[in-house]
Amino acid sequence: MIGIQRRPYTINLAGNSILYQLYDSEAVADNSYTFEVKVLFARYEEAAAPVEIAIIPLAPYKGVAFIDLADLLNSQLNFYTPDPATAGAQSTGLHSGKFFIHYRRVSTTNTNTPWNTSEEQSVCNIVKGGVHPYMWKGNNFFINYFPTNKPFLTWQQRGRLASLTEPLWLTWLNTDVAGNVALTVKIQLTYTDATQTTTQYNIAQPLKQFFVYFLPAGVLQLGLQALQANKTIWYWDVWVTNVNDELLTEKYRFQHDQRNDYNQKFLLYRNSLGGLDTVRIRGVIETNIALDGQDIEMTAAADWPFTNTLPRFDASTPHRELPAYKGDAGYITREEQERLRDAFLNREVYMAQGSRLLPVKLLTKQYRLRATTDKLFSLPIEWMLADAGSYYYTPGVSLGDGQNNFIDLNNVDLGDGQSNEVCEIIMLLGAATTTYSGANATVNFFYQVPTGTPKKLQYKIPGFITNWTDLTYQPSGILSYTVLAGQSITLYMRTVCQNDGYGPVVMKTVNTTTAGQDANSTVRNHTDIPFSYILTRNGALIAQGSIGPGVYDPIFVPGGTASYDLELIGIVPSNAILSIGFNEHAGNITGQHVLWNNITSNAFAGMIISIF
């Protein structure tokens, strides 16, 4: 009688062997017998019982037949890509499914024997992803590694370098929790002064077993900078817990990469375990353009010599533009370099641009990884958009939100909405004042729209107001918000034009521990370009804002001897002067940073910082 001698483990990776072994003692002596296997499967996204997807005939040898279902089941699963514009955790059941088999023995005289359905009592689960076949043995990933380490679905090194603007997702496979269970994603930030701050967000209920969850973990994504805006982040840890504060995952650490980089791009790639990882492209990026088209010969009317517009006898078909980009991940640790090999397996790669992920393909076919004598480690990467080229060019302008599906790589974000027209109406944030009442501090932000009439204004305050909020347009006004005294607050504002396109975003940060003091200094814009700035004193934030051409911003600067770092966003200055009375100090300009060291001032006289 036919039976099962071996079946897959309870949870399986689709990229590795998923083996059933069938045996029938009567088939040992009679080779006219054959086996048939009916495969039943359902994705968890569909919340339905497994259904038949294939019937496979098998020819036993000495009564034994093997069948590996990995390729068949893997073809039934799909990867999910999180939406960058969506806040909070995102989940999917497309990565995972459940399956079992029915089986029977047939012969030339009896081809319609009953199916054995006993395997319905041994439902198996499958997750899209895999490990190297030489590293896989007896499903050791889910038997040993996964329950012991409780990992997120990534092979990137724990403690790896990450920038504060890097889009990051940690991918978590939920194998145990289902129903209305409260789970929390916790983020603990450690600062360079060794102090710590912890924040958290909840995973939406009900929880679904064997779903894959994409958990945002980036500083900019979660507005973590605003928790302690006057401090510098050293590293941050992310993990999942339940109401009893029990760890459901590892504590994954990101180390703040403080190296400056003004041309950075982020590529997100599908890793071998099905998660989504990020690699940061730093430094110089080389762009090469290939044009694809054909030349054709033309004919003309017999009287063409007598026409004023002469005909073409040789022409070209419209050309497709195929931009290719070359960059480098920059100097990283040897282990980080080793694990980024996963990116080149080219399953799915995206480039982050605005609020969208553009599909790209990696062009690197061969690269030098390293030699045993290497002391520094980097990783060259070459890529292009996965659009097979474009017949249309779009310059680096903002087209706003619209229905147009075409995207060019020149920093254009067409968005999702109703308009593809340009919104060029800018707004400015000026000085801010703070009033105190008991334990509360009310910050009053002064704003102005110098020219143009937008449809409305929008604002958000990370950590307090997450989504863009509408504000009735007026040429100038005050936006007030109350927080606990001692907190930092960052306001982002933008215009919305009549065509529903968005204008440039401006921002200003106020620390309510010092904002109550009267301004004693100014930052002055002597250029024709509006820009934003961030001013730190001995590494601590003291002022931040946006300034239009010919405008100044009042700020407060404490007295004493200190070093100052002024970061300018939207402009690279030709000169910068810090004036205290009749003494002028020329700044050391490095890219968009201006540095002054050992500057002595007093809180009464203050200083003037002039940008040219």
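FYI, it's all coordinate maths here, none of it is from the lab. Everything numeric here is computed off the predicted structure, so don't read it as measured data. Neighbour counts run over all protein chains shown; Cβ positions are idealised from the backbone, glycine included.
When K508, K62, K361 are ordered from fewest to most other Cβ atoms inside 10 Å of their Cβ, what list results?
Listed from fewest to most nearby Cβ atoms, that is K62, K361, K508.
Can you tell me the FRET efficiency between T197 and I4 if r is taken as the Cβ-Cβ distance and R0 is 41 Å, rounded to the nearest 0.05?
0.15
In 10 Å bins starting at 0, how do the alpha-carbon pair distances of the range 478-612 split up by percent?
In whole percents, the pair-distance histogram is 11, 42, 34, 11, 2, 0.
Roughly how many nanometres apart are two label points built 7 Å out from the Cα toward the Cβ at Y331 and A439?
Taking the two extended label points, one gets 4.8 nm.
Give me W234, W239 ranked fewest to most by other Cβ atoms within 10 Å of their Cβ, as a rough exposure proxy.
Going from least to most buried by this count: W234, W239.
Given a Förster radius of 41 Å and the C-beta distance between L220 and Q294 as r, what FRET efficiency does 1/(1 + (r/R0)^6) yield to the nearest 0.05? Don't jump to the answer; show the numbers that get you there.
Numbers: r = 45 Å, r/R0 = 1.10.
Once the sixth-power term is evaluated, E becomes 0.35.
So what is the calculated 222 nm ellipticity per residue for the chain, using -39500 (n - 2.57) for each DSSP H run with n of 4 or more, over all residues, to the nearest 500 deg cm²/dmol?
Calculated at 222 nm, the ellipticity per residue is -500 deg cm²/dmol.
Check I555: other-chain or 5+ apart residues with amide H under 5 Å from its amide H, H built from backbone geometry?
N520, S521, T522, V523
Would you mind ranking R6, R280 so that the residue whose beta carbon has the fewest other beta carbons within 10 Å leads the list?
Lowest to highest Cβ neighbour count: R6, R280.
Quick one: length gained pulling T482 to F313 fully straight, 0.36 nm per residue minus the C-alpha distance?
The span from T482 to F313 would gain 53.6 nm if fully extended.
Evaluate the charge dipole of the range 1-149 about its Cα centre and quote only its size in Debye, nearest 20, assuming +1 on the Cβ of each Lys and Arg and -1 on the Cβ of each Asp and Glu.
280 debye
Express in nm, to one decimal, how much length is gained between N78 and K251 on full extension, taking 0.36 nm for each residue of separation and deducting their alpha carbon distance.
59.5 nm
Treating the Cα atoms of the range 3-130 as identical point scatterers in vacuum, please give the log10 of the normalised Debye intensity I(q)/I(0) at q = 0.09, 0.16, 0.18 Å⁻¹, two decimals.
The Debye formula, applied to the Cα set alone, gives -0.31, -0.79, -0.95.
Using the Karplus equation 6.51 cos²θ - 1.76 cosθ + 1.60 (θ = phi - 60°), what ³J(HN,Hα) coupling, rounded to whole Hz, does each residue of the range 132-148 give in order, writing x for Gly and Pro?
4, x, 6, 8, 8, 8, x, 6, 4, 4, 8, 7, 10, 5, 5, x, 7
Would you mind calculating the relative contact order of the chain from Cα pairs under 8 angstrom and at least 6 residues apart, reporting the percent as a whole number?
Working: 1454 pairs, mean separation 50.2, N = 612.
Reported relative contact order: 8 percent.
Ratio to report: Rg/Rh of the range 211-316, with Cα atoms as the point set and Rh obtained by the Kirkwood method; give two decimals.
When Rh is taken as the Kirkwood radius, the ratio is 1.39.
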